[in-house]
């Protein structure tokens, strides 16, 4: 099956929430993922994270300074009890906002649960638009705080499944909690292709997934009782399917509810706009051209690679951002654009080594001379790059019925950029798995592409898209047809300017006996570029040399997608070549059994897919002899010069680190310490200080306050209520025995009876 449907892409334009586009798509969700500043839950089943809130959420008649995000499709107002207490047994005994609750799982590394607090103007504006459209007869509201929770490609939990997780059905949906000073709203978004399964296995039966609001147990005078329960789906599959097809907000797949108010609350109030105008068909752009490339091995199975049309560059107004939709269920790609605005308001989003440039439709960041990247991340030309991360996985080896499971194994990579050599080491790989991973150069291939030696007129991956992207590859081993999925999340740079990556392996690989060595042949890989999406495929041949001296030829094929956020306003995407060829040779793999260490190495070049004239200049062959911290500058013919990278001094053949901290003691400013690093420096705030919004100025830490101890709480007087410190700056107000209320206002039982009499 090809990576894109033959011959067409859908192009669409939208203005806010135009009536012509009435079905929410994933790309119209609130921004999510690492690039949006999200945190994520640990992979697994029934994972929970407590999120302390800067502004409280109102739910029914309660006020909550923290919430609990759970894998199983819900947010709780108290720490959830075990899933056996609520799965298939609703309503829950604790406060629950169920976006689409079931027994869900992200163990395979493909699914993720993202969350963040967000008070940015764009998020608050969009939340207000949804709420005001859903309640057209009410006064206009303008939220002051939001929490965005997104369940992405989550699968049903099936403990006994094995193998290729990419074929599972997956659900994607989003919950936004938008709050004002005295009220909170829940905005739920369900994409049509984001509700692929409607029930999950629980015990011996399948239970329909659940959406709704449970208040949980409410404490009475002597006993607790089940609180209010507002269900938005039923026990029929059709009701779950309707979440993506119907609405109460005037936009298909978007549902809005008022879920809490202060000081009084009666019940959950749904949006009031259930009618939908007819859907307008999207224009289809026909394209008959297909470009196919033969695999390296003429005897190998043909992998079809289809040309992806690059977006034509067209200036457009900020109110009409253009969006490309790749309509293929195999690819879950979200296409974003930078928040519209000007450099005056967004300059701090650029790298410290970049300049911000305004365009008619928005702004873009561009790395300064001597640096390269996408403007959000810029690194010095010629400087070796380091990458750190973690590797997780669940892999079946050979015919074994038991997977090898591992988590948080350290990955370290070092790339000599000026000759394209990349090295990767993964530690603590068990002996049952290590030898069989040796053929899998595809783990490190994307690192080689990111920093490949560039041929004239061509750009490596980091030069084009920077260090924040998601890569997913499906590897098929021949002749056994074992399949392995590799998912890698590249998260930009850490405080030491090292790139950060998380890798997850899931599936099956052929067994390689201990003591076997591997000889890998050179290979080429064609990368095809489109707006925010890159695809490639290839075949690699290798030979196993067994301990007894015999050998066996094998091969594997892979196809991959790389999704990223590109700036749509400048010329970078317009000038991006639609295809480039990655050439890889000197492929080396070794499993160090005594140290349980997997080592991979290769040399990488990026250039013309048609080959072209071979370059003889040493800068393009890598045979120049410049220092590893230097840039090779080509001249006429075979002449060249070596120039030390930024942050280094020397003649280019030998380069020495510059100690910026010693040369300029005031470089970091007040309340900070300068820490010299190879080729750069790092500013660290003194104890009691932290970086401000600009990421450079150290400001005093806003320390938590115990309002109960300080007497700055808003609980009722001590004769009626008790203030309980809850950590951070949060607290809980509770009425004393003999009194009733929310803790902020408590009344005696006699007073309650009198009020009840006069009502």
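Between residue 697 and residue 431, the distance separating the two model label sites (each 7 Å from Cα on the Cα→Cβ line) works out to 5.9 nm. Can you give me the relative contact order of the range 340-612 as a percent, contacts being Cα pairs under 8 Å and 6 or more apart? Across the range 340-612, relative contact order equals 21 percent. The distance between label points at residue 246 and residue 667 comes to 6.4 nm (points 7 Å beyond Cα on the Cα→Cβ vector). Efficiency by 1/(1 + (r/R0)^6): what FRET value for residue 237 and residue 90, r their Cβ-Cβ distance, R0 = 22 Å, to the nearest 0.05? In this case the efficiency is close to 0.85. Once the C-beta distance of residue 546 and residue 348 is scaled by a Förster radius of 51 Å, the resulting FRET efficiency is 0.35 to the nearest 0.05. Exposure proxy for 605, 383: other Cβ atoms within 10 Å of each Cβ, ordered fewest to most, give 605, 383.
If a paramagnetic tag sat 7 Å from the Cα of residue 481 along the Cα-Cβ line, which residues of the range 539-568 would have the backbone N under 18 Å from that point? Output list for this probe position: 555-559. If you take the beta carbon distance between residue 264 and residue 659 as r and set R0 to 60 Å, what does 1/(1 + (r/R0)^6) give as a FRET efficiency, to the nearest 0.05? Working from the Cβ atoms, E equals 0.40.
Spin-label model, residue 275/residue 219: points 7 Å from Cα along the beta carbon direction are separated by 4.8 nm. Taking 0.36 nm per residue of separation and subtracting the Cα-Cα distance, full extension of the segment from residue 599 to residue 744 would add 46.0 nm. Available extension along the chain between residue 50 and residue 689 is 227.6 nm, counting 0.36 nm per residue and deducting the alpha carbon span. Between residue 651 and residue 193, the contour length at 0.36 nm per residue exceeds the alpha carbon distance by 159.1 nm.
No lab work stands behind these numbers, since they all come straight from the coordinates. Remember, predicted model here, so these are calculated numbers, not experimental data. Positions of Cβ are backbone-derived with ideal geometry, glycine not excepted, and every protein chain shown enters the neighbour counts.
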